[in-house]
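Colleague: Structure below; questions to follow.
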Amino acid sequence: MREMLKVSCNNQLQFKYVLTDSWFSSNENMMYIRHDCDKHFVMACKSNRKVSLSEEEKKQGRSQRIDSVDFSEEKPIKAWLAGVDFPVLIYRQ
């Protein structure tokens with residue numbers, strides 16, 4: 001996947017988002033897409049991913065499983081995934 005993204009970016013293919021399933025939702029892939037490719041992504045995440053609901057919680061090392069977060073299916077939540085250095089929007093489908 002990273003090789004395809006590298007070729008796409010080097011060839012100046014016009015796109016803003018990368019869409020993947022949970023198989024590719026590793027921290028390394030998220031960081032590569034955001035930092036190296038300067039793109040955004042939409043990914044399915046496994047239910048056991050650790051997430052902090054505020055930057056302060058992340059700094060303190062407090063996190064919870066993503067499947068334990070109580071949020072509506074109508075609106076995404078800004079959150080910080082463990083091992084990722086930027087916030088993401090999480091949305092339950």
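The values are calculated or read from the model by the stated rules, or taken from the named source; none is laboratory data. This structure is a prediction, so every number in the text was calculated from the model and none was measured. Note: ideal-geometry Cβ built from the backbone for every residue, glycine included; neighbour counts use all protein chains shown. Remember, those area values only see protein heavy atoms, side chains included, never the ligands or the DNA or RNA. Shrake-Rupley method; radii C 1.70, N 1.55, O 1.52, S 1.80 Å.
Colleague: LEU89 accessible area, nearest 10 Å², 1.4 Å probe?
Modeller: For LEU89, solvent-accessible area is about 130 Å².
Colleague: Taking Cα pairs under 8 Å and at least six residues apart, what relative contact order does region 2-93 come out at, in percent?
Modeller: 22 percent
Colleague: Largest first and in whole Å, what are the equivalent-ellipsoid semi-axes of the chain based on the Cα gyration tensor, each being the root of 5 times an eigenvalue?
Modeller: 26, 14, 11
Colleague: Further question: How much length, in nm to one decimal, is gained on full extension between LEU13 and GLU57, taken as 0.36 nm per residue of separation minus their Cα-Cα distance?
Modeller: Stretched fully, the LEU13-GLU57 segment lengthens by 12.1 nm.
Colleague: Assign unit charges at the C-beta atoms only (+1 for Lys and Arg, -1 for Asp and Glu), then state the dipole size of the chain relative to its Cα centre in Debye, rounded to the nearest 20.
Modeller: Dipole about the Cα centre, nearest 20: 60 debye.
Colleague: Leaving out ligands, DNA and RNA, what percent of the accessible area of the chain is carbon and sulfur, probe 1.4 Å?
Modeller: Whole-percent figure for carbon plus sulfur exposure: 49.
Colleague: Given H placed 1.01 Å from N in the peptide plane, which residues other than close sequence neighbours of VAL18 have an amide H under 5 Å from its amide H?
Modeller: Amide H neighbours of VAL18, under 5 Å, 5+ apart: HIS40, PHE41, VAL42.
Colleague: Ok, one more. Output ³J(HN,Hα) for region 79-92: one whole-Hz value per residue in order, computed from phi by the Karplus curve 6.51 cos²θ - 1.76 cosθ + 1.60 with θ = phi - 60°, and x for Gly and Pro.
Modeller: Karplus values, whole Hz, x for Gly and Pro: 8, 10, 7, 4, x, 10, 8, 9, x, 10, 9, 10, 9, 8.
Colleague: Under a 10 Å cutoff between Cα atoms, tell me which one of ASP21, ASP36, ASP70 has the largest fluctuation in the Gaussian network model of the chain.
Modeller: Sorting by GNM fluctuation, first place goes to ASP70.
Colleague: Within straight cross-link reach of LYS78, meaning Cα distance under 27 Å, which lysines are found once same-chain residues fewer than 8 apart are removed?
Modeller: Cross-link targets: LYS16, LYS39, LYS46, LYS50, LYS58, LYS59.
Colleague: Extension gain VAL69-ASP85, at 0.36 nm per residue separation less the Cα-Cα distance, in nm?
Modeller: 3.8 nm
Colleague: To continue, here is another question. Using 0.36 nm times the number of residues separating SER22 and MET4, minus their current alpha carbon distance, what extension gain do you get?
Modeller: Net length gain for the segment: 4.7 nm.
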